[in-house]
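Accompanying notes for the structure given below.
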Amino acid sequence: MDVVIIPAYQPETKFSLLVEQVLECDRQVIVVDDGSGREYRDIFCGIQNLCTLLVHPQNWGKGAAIKTALAYIKRNFPDCRTIAVMDADGQHRAEDVGKVLKEARGHRNAMVLGVRLAGKNMPFKSRLGNGITRLVFSLVSGVKVSDTQTGLRAFDAELMEELLEVKGERYEYETNVLLHLARKRIPIREVEIATIYRDKENSTSHFRAVQDSVRIYKDIFKFALSSLSSFLLDYVLFSALIILFPHSGGWVLLCNVAARLVSAFYNYSMNCWFVFCAEKRIKTAVHYSALALGVLLANNLFLQVFIRKFRIQVHLAKLLTECLLFVISWLIQSLVIFRKEQIQDRCYHSERAKA
């Protein structure tokens, strides 16, 4: 059995037509009214006999709506095999829902994305936002995804537990899902779908450019802040020590090692507490120590190469070295060290699912 989830917040009056089109293909449909308000009650009353309607008493966000529907499926649809999630703003066709569901049925261990081509039919702000998110996602996850912001996705019901554990209640949830799957090495597949927008401003979308972008990039910002503060500590200590000792290779090495040891302990503590929200465990500490040792060796190697081979001034060489190792460190920590140590979000209990 296939189930289609449609999170809806203040939908248009023709929303019922979308629900009817999806139902034509003999699928179960779950609509979540994410606190749209009394003025939208008639729209939802018009579909409550066609599908399963769940109601949030207030606007909790798209991620919360998806989790509410997943918790409901888990309790009430034991025969469900494949699940699709689509937007309520008319940007997805019923036939495209069928395409992603078919792909998901053929690849049980994967997340299937309905990807839109970023051409002339896509509004400029959507192309820009998708391009930035795509680039950032690729850098931090090591996985290339053509359309990170697509709301049309399909997956096997066995992935429900994974998706209920992912952090986020609003638009950041969808990006967090992709990051979570990349860390767990769960395949992400793509199916090309039609690019549909009502106008150039994409006025039907409830995406808030500033607030929701901050939510989406929050974890990346936190890692950058942790790394920046660690770098500043490292750089200040290194600069202070280099004043006291000669600039010969041996002394530069000792100053660099001392500064790295202090900043590495600080960085590990920050990443556990502030970035990845992971408990300080022996396994994590051992892995981080191994990474710190590798980074230290690479740090000194790059530093000496920049100074001796390329004749770069010592302070500039230190800056170049730290920038290069920033990307390497992020990838290893997010994909390996803290991948399984994430503190999981509280799952949505039956109280929310029944709201």
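The values are calculated or read from the model by the stated rules, or taken from the named source; none is laboratory data. Note that the structure is predicted; figures quoted are calculated from it, not measured. Because the Cβ atoms are built from the backbone with ideal geometry, glycine has one as well, and the counts that use them run over all protein chains shown. Surface areas here come from the heavy atoms of the whole protein model, side chains and all, with no ligands, DNA or RNA. Shrake-Rupley method; radii C 1.70, N 1.55, O 1.52, S 1.80 Å.
Descriptive notes on the structure:
- The single condition from (1) at pLDDT 70 or above; (2) crowded, with 18+ Cβ neighbours inside 10 Å; (3) within 19 Å of the chain's Cα centre (by Cα) that Asn256 fails is (3).
- Restricted to the stretch 1-14, and to residues there that are surrounded by fewer than 21 Cβ atoms within 10 Å (Cβ to Cβ) and in contact with a helix residue (DSSP H, G or I) (Cβ under 7 Å, 6 or more places away or on another chain), the residue that is farthest from Leu53 (Cα to Cα) is Thr13.
- From the list Glu24, Glu39, Glu20, the one residue that fits, being open to solvent by 20 Å² or more (accessible area, probe 1.4 Å) and more than 19 Å from Ile83 (Cα to Cα), is Glu39.
- Residue count, the stretch 142-182 (criterion: assigned to a helix (DSSP H, G or I), closer than 19 Å to Lys67 by Cβ and open to solvent by less than 40 Å² (accessible area, probe 1.4 Å)): 15
- Qualifying residue in the stretch 110-125 (condition: open to solvent by 50 Å² or more (accessible area, probe 1.4 Å) and either modelled with pLDDT of 95 or more or within 24 Å of Glu169 (Cα to Cα) (or both)): yes
- Scanning the stretch 79-104 for residues that are of a type in the set (Asp, Glu) and over 14 Å from Arg153 (Cβ atoms) yields Asp79, Asp89, Glu95.
- Scanning the stretch 69-78 for residues that are outside any loop (DSSP other than H, G, I, E, B), over 19 Å from the mean Cα position of the chain (by Cα) and under 17 Å from Phe155 (Cβ atoms) yields Ala69, Ala71, Tyr72, Ile73, Lys74.
- Selection within the stretch 67-79 - open to solvent by less than 10 Å² (accessible area, probe 1.4 Å) and either free of Cβ contacts under 8 Å to residues at least 60 places away in the same chain or not small (Gly, Ala, Ser) (or both): Lys67, Thr68, Leu70, Ile73
- Selection from the stretch 183-202 of residues that are modelled with pLDDT under 90, of a type in the set (Val, Ile, Thr) and farther than 14 Å from Ser146 by Cα: Ile196
- Per-region count, the stretch 53-68, residues β-branched (Val, Ile, Thr), assigned to a strand (DSSP E or B) and farther than 12 Å from Tyr9 by Cα: 0
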